[in-house]
Amino acid sequence: MLRIARGLFGALRLLNILFGAIFSMLLVLSVPFADTLAAHLRAKYGPAMDVETVIAAVRCMLALGILAVVPMQVLLTAVIRMLRTVEAGDPFVAANAHRLQAIGWALLGVQLLDGAFGVVVHRLARTGANMGSGWSPALAGWMAVVLVFVLARVFAQGTAMRDELEMTV
Amino acid sequence: MPVVVTLDAALARRGMTLTELSAEVDITLANLSILKTGKAKAIRFSTLEAICQVLGCQPGDILGVTEGEGSHVQGLD
């Protein structure tokens, strides 16, 4: 089960890098293909569409996606390392408390980027572009940030207590 | 003020080895070694009681407090 979980997170880590590469490539291509993109948008939404704003917004979204690769990589790597300690039989080590903190900061980074994404989506929606279901704040995500920081503190305290108990006769 | 463990001296007085004490008090030899070598961070009252009952001594006979930095084990100087 743990090995499957570790494999899954390893695959997610690779996907994360892949998406970062794809977003980077699309961002770069949006420069030479800007006119093609603008023509496509005008054909879809009509000549009144503010295509410059739409293209700028799409570039922002791609940039935010690229930035998100960093905290996601931190998060996934920390989880994989924690799973390794569980497999080794002793997860209650100080390093895992630090990893939980790192996960907390990574989640906070993701939430902040998500907020910025929401601003871009809101701006984009005002141009009349079809945004599908739109964007809404991820309250569960913000709660997860707080929860993970609390868990990190609990883990650190528990590890210290366990260490003390280890040398208690 | 470091706590000094003088278990060696108490064992010598009783003519008992650490292995024999381990069997009597039902505490592992590893844990008693940790205690004897001054590496223990804490000792449970139940452990102290068991050791004192077997050795026929008081806690002060196997534990002491001295001046100076770091703990050390008497009998190894």
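The values are calculated or read from the model by the stated rules, or taken from the named source; none is laboratory data. It should be emphasised that the depicted structure is a prediction, and the values quoted were computed from it without experimental measurement. Note: ideal-geometry Cβ built from the backbone for every residue, glycine included; neighbour counts use all protein chains shown.
With the condition kept exactly as written, say whether any residue in the stretch A:96-116 is within 30 Å of B:S33 (Cβ to Cβ), surrounded by 13 or more Cβ atoms within 10 Å (Cβ to Cβ) and in contact (Cβ under 8 Å) with a residue 12 or more places away in the chain. For the stretch A:96-116, residues within 30 Å of B:S33 (Cβ to Cβ), surrounded by 13 or more Cβ atoms within 10 Å (Cβ to Cβ) and in contact (Cβ under 8 Å) with a residue 12 or more places away in the chain: present.
Within the stretch A:14-22, can one find any residue that is farther than 20 Å from A:A63 by Cα, of a type in the set (G, A, S) and part of a helix (DSSP H, G or I)?
For the stretch A:14-22, residues farther than 20 Å from A:A63 by Cα, of a type in the set (G, A, S) and part of a helix (DSSP H, G or I): absent.
Going by the conditions given, is A:T85 of a type in the set (S, T, N, Q), surrounded by fewer than 16 Cβ atoms within 10 Å (Cβ to Cβ) and part of a helix (DSSP H, G or I)? For A:T85, the condition - of a type in the set (S, T, N, Q), surrounded by fewer than 16 Cβ atoms within 10 Å (Cβ to Cβ) and part of a helix (DSSP H, G or I) - is met. Within the stretch A:124-169, the set of residues being within 14 Å of chain B (Cβ to nearest Cβ) and surrounded by fewer than 16 Cβ atoms within 10 Å (Cβ to Cβ) comprises A:A160, A:M161, A:R162, A:D163, A:E164, A:L165, A:E166, A:M167, A:T168.
Conditions tested, residue by residue: (1) among the β-branched types (V, I, T); (2) surrounded by 17 or more Cβ atoms within 10 Å (Cβ to Cβ); (3) away from every other protein chain (no Cβ under 13 Å); (4) touching a residue at least 60 places away in the same chain (Cβ under 8 Å).
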| site | (1), (2), (3), (4) |
| --- | --- |
| B:T6 | yes, yes, yes, yes |
| B:L21 | no, yes, no, no |
| B:V25 | yes, yes, no, no |
| B:L32 | no, yes, no, no |
| B:I51 | yes, yes, no, no |
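The set of residues from the stretch A:40-53 being outside any loop (DSSP other than H, G, I, E, B) and either charged (D, E, K, R) or at pLDDT 90 or above (or both) comprises A:R42, A:K44, A:E52.
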